[in-house]
Amino acid sequence: MTGVHFIDGDQAACEGALAAGCRFVAGYPITPSTEVVERFASRIPLIGGLFIQMEDEIASSIAIQGAVWAGKKVMTVTSGPGLSLMMEHVGFAAITETPCVFVDVQRGGPSTGLPTLPAQSDMMQVKWGSHGDYEPIALSPNSPQECFDLMINAFNLAELYRVPVFFMMDEVVGHMTERVVIPEASAIEVAERRWTGKPPGEYRPYEANDDLVPDMVKAGDGYRIHVTGLTHDERGYPTMHPAGQKKLVERLVGKIRHHRERLVDVRMDGLDDAEVVLVSFGITSRVAGPAMEEARQRGGRVGHLRLVITWPFPSSLLRKLAKHVKAFVVPELNMGQMVLEVERAVAGKAQVISVPHPGGTVHEPEDILQKILEAAR
Amino acid sequence: MDPELESPLMPYLRQDRMPHIWCPGCGIGTTVNCFVRALMESGLNLDQVAVVSGIGCTGRVAGYLKLDSFHTTHGRPIPFATGLKLANPGLKVVVYSGDGDLFAIGGNHFVHGARRNMDIMVICVNNYTYGMTGGQAAPTTPLGAVQTTMPFGNFENPFNLPFLADACGAVYVARWTVYHVRQLARAMKEGLAKKGFVFIEALSPCPTLYSRRNRLGDGVDQLKYYKAKSIIKDGADTKEVGLSFQGEIIVGKFVDRERPTWLESMDKHYSSVFGEKYKPYGAAYAKA
């Protein structure tokens, strides 16, 4: 597929997954995400891999994890209502450290909501949706090109940290058609699974390396491993003691929190002398751009911080900016989710202005502009 | 221990996890005994056998077998096993779980696993109750039996599991009790050799919760009941094998037929669509 294409974000996301080495997808149809699995289903037979349409999203989200333990790179693809059903297996992936990618092409909610129209209202659900403590990774593409490029990052991060990774598209990014350049395979950096070098007998499935991430094996290799969703020790055996819980959960959250700075991925525009900083992600970043340009033309010192990796949240960067900035303006296609993170990071050092939107369409640049002007006053 | 006295089954168990959690008189351990005997006689390379369990008392089986073993989420061992099997068709994948796990919360997955003829063997230990949570009504609880959530006796119609499995397309369906250890081990051995969706129901006492609440005595009393009231009827019409409270139990091998598995169907279909351009997915994993 190397070359220049004119495709939509859903198609590009599928190509990104294939380029990243994804060879197993289990899915269940749901608007506006279905095109991703439709393309995968038509492409995979001649590539060598499998697509299976499962009976629901619960089954899809655990079938992919079975496939991981037999050695495949995997993803499942859904939208809000399906994501809600998948939450139990987000937790299973987190505690068993099963690398997998959940693609969420967001639509308006709650419940069935707006199947064919955009939102960014699942941002907190992917952070907190499954019970218990864990740290996921989430990426927010804003174009078909990024659906390809960032999908490869998503797969690589899943392998590197052995966590569930969320690919947070939305209906507009999924359905907009743009130029997508697919580089040669040799130019695409693909992370391999962290296979152990230890023989059976010496290998302990949940003995972590210095970076807090353990190496993997797969079923059939003679290691006779045990994998459980119960709290477990380094052997993978259940442990029902506070000390075992402390050791496991601290490592599960620690492996992301300790690498938080390495996981900052942002695009910065005009932040050096900015008085007002727009903080945006995904499709909203493309509406925020024109609002910023207009504000600048009117003499405002306005910068733009676009979050590419939304989880973990780049708190320290926001904290640093807050020392010099008068106000942060946070437009998002929800009633105020990521703005809470901005408020938490800024901790009262600057004004934080939410520009909420219930979804169904994108913001009018004018609405964002008004908030920028308000903030600059 | 004197090696002469050690059970020949021990090398197949994770001895560092003993003692197990099951109550005295529980039949789950007996089914594991039968399963290990079936494994020993199967001739399979045990590095290529994986066991997948859900949640509950029977869900703990995976953790005690010295195989690649997966203790998944409640009701979901079949879709996990589906992914495991399809990602490496060279594996023999066994789902080992309880009646509540497989047929209440996991009922939808059972129905579709059988419909697809996914190449997995499903062993259901049916003790008529939710043991791990303290004896609540299950979709298998016989009419009239007392459970904590049916304190005045169950008035909900239970599943006839072999009939359900048969109707959904399972290629092998058998039922035995833990009194019938030889027959159960033989069914498991046949199941391991069979291609496609295999279903084996093993009736098992839960003396701590089911028997005690229903004043049925201990584990031995239930075995005596199994002995007295079981009727072996191989090839019985699965419509006729429903269970009642302390009533007759029809046991035997009810279904043994051939149907192409999901993977065989996919490979055959894509070979006809794409011709030589298609490399059959399953072929790469075929035994040398």
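Table for the structure above
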| item | result |
| --- | --- |
| Cβ charges +1 (Lys, Arg) and -1 (Asp, Glu), total dipole of chain B, debye | 260 |
| For region B:235-240, 3J(HN,Hα) per residue [Karplus equation, 6.51 cos²θ - 1.76 cosθ + 1.60, θ = phi - 60°, Hz, x = Gly/Pro] | x, 4, 5, 5, 4, 9 |
| 0 to 90° range, to nearest 10: angle between helix A:365-376 axis and chain A longest Cα axis | 70 |
| Cut-off under 5 Å, modelled amide H: who pairs with B:C206 long-range | B:S211 |
| Orientation-averaged projected area, Cα convex hull of region A:3-187 (nm²) | 9.3 |
| Ranked packing of A:314-327, A:174-187, most packed first, by mean Cβ within 10 Å | A:314-327, A:174-187 |
| Distant alpha-carbon pairs in chain B (separation over 26 angstrom), percent | 41 |
| Angle between chain A longest axis and helix A:80-96 axis [Cα atoms, degrees, rounded to 10] | 50 |
| Spin-label pair B:K279/A:D211, simplified geometry with 7 Å Cα→Cβ offset, distance in nm | 3.0 |
| Positive-end residue of A:A350, A:V103, A:A191, charge dipole of chain A with Cβ unit charges | A:A350 |
| Cα→Cβ-extended label distance, 7 Å offset, between B:L44 and A:Q351, nm | 6.8 |
| Kirkwood Rh, Cα atoms: Rg over Rh of the protein assembly as shown | 1.03 |
| Extension gain (nm, one decimal) between B:H269 and B:E248, 0.36 nm per residue minus Cα-Cα | 3.1 nm |
| Angle between chain A longest axis and helix A:284-297 axis [Cα atoms, degrees, rounded to 10] | 30 |
| Residue-averaged [θ]222 nm for the protein assembly as shown, counting only DSSP H segments that reach four residues, each worth -39500 (n - 2.57) | -10500 deg cm²/dmol |
| Relative packing of A:5-18, A:333-346, which averages over residues the other C-beta atoms within 10 Å, highest first | A:5-18, A:333-346 |
| Neighbour net charge for A:T76 - beta-carbon separation under 11 angstrom, K R +1, D E -1 | -2 |
| Average partner coverage of A:53-62, which counts Cβ from other chains inside 10 Å | 6 |
| Candidate aspartates and glutamates for bridging to B:K233, where Cα separation is under 20 Å - those fewer than 8 sequence places away on the same chain excluded | B:D166, B:E190, B:E201, B:E248, B:D256 |
| Calculated from backbone phi, Karplus (6.51, -1.76, 1.60) coupling profile of region A:265-280 in Hz, x at Gly/Pro | 9, 9, 10, 10, 9, x, 7, 4, 10, 6, 9, 10, 10, 7, 10, 9 |
| Neighbour net charge for A:I58 - beta-carbon separation under 12 angstrom, K R +1, D E -1 | -3 |
| Cα centroid separation, region B:71-109 to region A:59-103 (Å) | 15 |
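Throughout, read-outs are computed from the coordinates displayed, never taken from laboratory work. Note that this is a predicted model, so its numbers are computed, not measured. Here Cβ is always computed from backbone atoms with ideal geometry, including for glycine, and neighbour counts include all displayed protein chains.
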